[in-house]
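To start, the structure under review is shown below, and the notes come after it.
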Amino acid sequence: MAELNVSRKTIKQTLIDTLKSCKNNRFIIPEYQRPYSWDIEKCDILWNDVKSFFIDNQENKEEYFLGTIVSCVDNENIAIIDGQQRITSLFLLFRAFYSKLELQHKTMPEDKQILGLMNQIAPCIWDVNQYSSEVEDKSTFHIRSKVATATDNEIFHSILETGNTTEDKSNYSKNYNYFVEQYNLFSQENPSCWKDLCLCFLNRCIVLPIECSDLDSALTIFSTLNDRGMPLSDSDIFKAELYRLQSNDETKKEFTSQWLSLSETLNTVGLTLNDIFRYYTHVIRATNKDKSKEVGLRKFYSANRYEKFKNKDIMNNLCQLADFWQKILSFNNEICSLETKQMIHCLLCYPNEYWKYPTSVFFFKNTKTLKEKLPDFLKNILSYLFVKFVDRQTVNAIKDPIFQACIDVSNNGELKLTHTIIDFKNKMDNLSTSKISKPMILLYSYLFDKEQELIPLDFQIEHIFPQKWDNNYFTWSNEDANLYINMFGNKITFERKLNIQASNNFFSKKQDSYKKSTISNVKSLCENKFWDKQSIIDRNNTFIKMIESFFIENLKPYESKEKLIFEIYGGNESFKLFEIVTSNITNYKMQYNNSEKTYRSIKEALECIDKGLLKYGTKLFISEEINKILIKNEKSNL
């Protein structure tokens, strides 16, 4: 751990003494911090807490603890890492005090107490004359906000310099006006002690400044201590690094606009900036054919001094990816067919979100044919992940295959995961209460009726034979009930409100609620005259068979079509070139004597044949395409 300096200080000492260690005599709110977000409610709590403390403790020397402030040296300034909301509000508070005192001083210039208070507050806000402690230039304020995406930094700076605000939409303006109003009100109601309240804030409000010599130490301490606020996220750090890379005011303004737009897009579907950066790591990893173990976001992007952020397209790519996920998670018709919506819904219920990584890569590779290709892609990855979970209920079982899938999608634009399904029914019977049961039951609802509209996202799992039953209506023994009650065959997806209505009623009564459902699978139960053990067994068998058939269909390997397109020999050498088409992917296999090799293009394949043999060898078979290539090559060599 780097060097730390921890000491108990009054607010006055904190705002004056802390800056003695830096050349510029200034606190900085760094680029990566969040914009000033304290509202009047939070300022009201601060004001009234300290005011109540002051009123209750005028006759003693008790102190009021305001919390910690974590800072570090940043070039020639002091960067505030934790406590920026509080310290910013205190600057506004003391500026309100000073404005009040300035007005009093004009009407009572002989009042030495007012002048003395002004000279105590002034060095907390500005540079002052070393002899008189009076402020000579109010543009020398001791704090500056450099928050990258804040549009009202200059309003804060203007308030500190002028003591005036011309607009009331900014939190800076609202809170400053609030403090002015409260201090004026307090001085009217308490004319004998309003100056003492000012001294209370200066000398009896205590903070615990933790001064660090480097940023990493400050962030570590901040994350450890912070249990009420929001720790700086990786994306906050990334924001600052990207902002610093902007070369001029125009590009900085454009970046700020993009960042705010990116954040707003993600917020509409409950995603975070960290989420989109994580998804994008797998796009980069796939491009680099990297299937190694994942590392933390900050470690990944900070490698080689944030080299990845120097890609001029990174913000556009992040915004495009965010827009894609916003449309996916809102089931937007622009890119989501009904089948896509069904598969997305099932994947959203899957126990982890590894499916989102190859899907992000798929987006960049298929932007023009996205809506057309998404259904088959999603059915394949869903089938693979669900079957892998049935085989082994651990995330480690899918990490490496998913990383390889990202690379395959990046290389080919498509994905074909395959998996052999063994002993599926027995495995499924043991998973009816596992994490995979809910998405499996949802999937069955969509397979039961392929035209089924999107089921409400807040659906619940209904036990047809209830988990709690009335012995007056059901004659099952506890042993029988425990055996069959949690089978897949006894469970359905059901709208929340209707599920509450159905409750633990007997089957014929529940059917009244089933009739009202929009889910075809549920409505079909109205055809049953009763619900017993055999009903559950039969439906369970149907359930598992339908699910298994879907997985088999979507996990089978593509059939390859192979045809000879070129054959040549000369002397002891012979070559056969085959075109191999698998799905929409074409490769070329060259057989050479007793060996073979696969190439991605005809040109690459032909380059392995000696030019003399190509020209003078005996061509046993040559396709029209190969013939055109050879003729073109001969002409270019003339």
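The values are calculated or read from the model by the stated rules, or taken from the named source; none is laboratory data. A quick note: this is a predicted structure, and the numbers were derived from the prediction, not measured. Cβ placement follows ideal geometry from the backbone for every residue including glycine, while neighbour counts extend to all protein chains displayed. Heads up: the accessible areas ignore ligands, DNA and RNA and are worked out on the full protein's heavy atoms, side chains in. Shrake-Rupley method; radii C 1.70, N 1.55, O 1.52, S 1.80 Å.
Remarks
- Residue count for segment 90-149 under the criterion of being free of Cβ contacts under 8 Å to residues at least 12 places away in the same chain, open to solvent by less than 50 Å² (accessible area, probe 1.4 Å) and in a loop (DSSP other than H, G, I, E, B): the result is 2.
- Of residues in segment 150-192 being under 15 Å from Leu101 (Cβ atoms) and assigned to a loop (DSSP other than H, G, I, E, B), the one most open to solvent (accessible area, probe 1.4 Å): Pro191
- Pairs linking a residue in segment 269-287 that is free of Cβ contacts under 8 Å to residues at least 24 places away in the same chain and over 10 Å from Ala322 (Cα atoms) to a residue that is of a type in the set (Ser, Thr, Tyr) and part of a helix (DSSP H, G or I), with Cβ atoms under 9 Å and 6 or more positions apart or on different chains, are Arg278/Tyr357; Thr281/Tyr301; Thr281/Tyr357.
- Among the residues making up segment 150-168, those that are in contact (Cβ under 8 Å) with a residue 24 or more places away in the chain, of a type outside the set (A, V, I, L, M, F, W, C) and closer than 25 Å to Thr256 by Cα are Thr151, Asp152.
- Residue in segment 508-517 that is open to solvent by 20 Å² or more (accessible area, probe 1.4 Å), of a type in the set (Ser, Thr, Tyr) and closer than 24 Å to Phe424 by Cα present: no
- In segment 592-638, residue modelled with the lowest pLDDT [restricted to those that are assigned to a helix (DSSP H, G or I) and of a type in the set (Gly, Ala, Ser)]: Ser636
- Selection count, segment 341-368, where residues are over 23 Å from Arg285 (Cα atoms) and either open to solvent by less than 50 Å² (accessible area, probe 1.4 Å) or not in a loop (DSSP other than H, G, I, E, B) (or both): 9
- The listed residue being in contact with an Asp or Glu (Cβ under 9 Å, 6 or more places away or on another chain) and closer than 27 Å to Trp259 by Cβ, out of Asn177, Asn171: Asn171
- Some residue of segment 401-422 being open to solvent by 50 Å² or more (accessible area, probe 1.4 Å), farther than 27 Å from Gln258 by Cβ and among the hydrophobic types (A, V, I, L, M, F, W, C): yes
- Lys611 more than 11 Å from Phe575 (Cβ to Cβ), touching a residue at least 12 places away in the same chain (Cβ under 8 Å) and either basic (Lys, Arg) or open to solvent by less than 80 Å² (accessible area, probe 1.4 Å) (or both): no
- Looking across segment 18-54 at every residue that is open to solvent by 60 Å² or more (accessible area, probe 1.4 Å), modelled with pLDDT under 90 and not in a loop (DSSP other than H, G, I, E, B), the one that is farthest from Ser139 (Cα to Cα) is identified as Ser21.
- Residue satisfying all of: in segment 105-162; under 16 Å from Leu15 (Cα atoms) and among the hydroxyl-bearing types (Ser, Thr, Tyr); nearest to the chain's Cα centre (by Cα) among these: Ser145
- Filtered by the rule that a residue be within 28 Å of the chain's Cα centre (by Cα) and surrounded by fewer than 16 Cβ atoms within 10 Å (Cβ to Cβ), segment 423-444 gives Ser434, Lys435.
Yes/no per residue for (1) at pLDDT below 90; (2) within 30 Å of Ile381 (Cα to Cα):
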residue	(1), (2)
Phe494	no, yes
Phe507	yes, no
Glu527	no, no
Lys533	yes, no
Asn541	no, yes
Ile547	no, yes
Ile552	no, yes
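- Candidates in segment 382-400 are the residues that are of a type in the set (A, V, I, L, M, F, W, C) and part of a helix (DSSP H, G or I); of these, the one that is surrounded by the fewest Cβ atoms within 10 Å (Cβ to Cβ) is Ala397.
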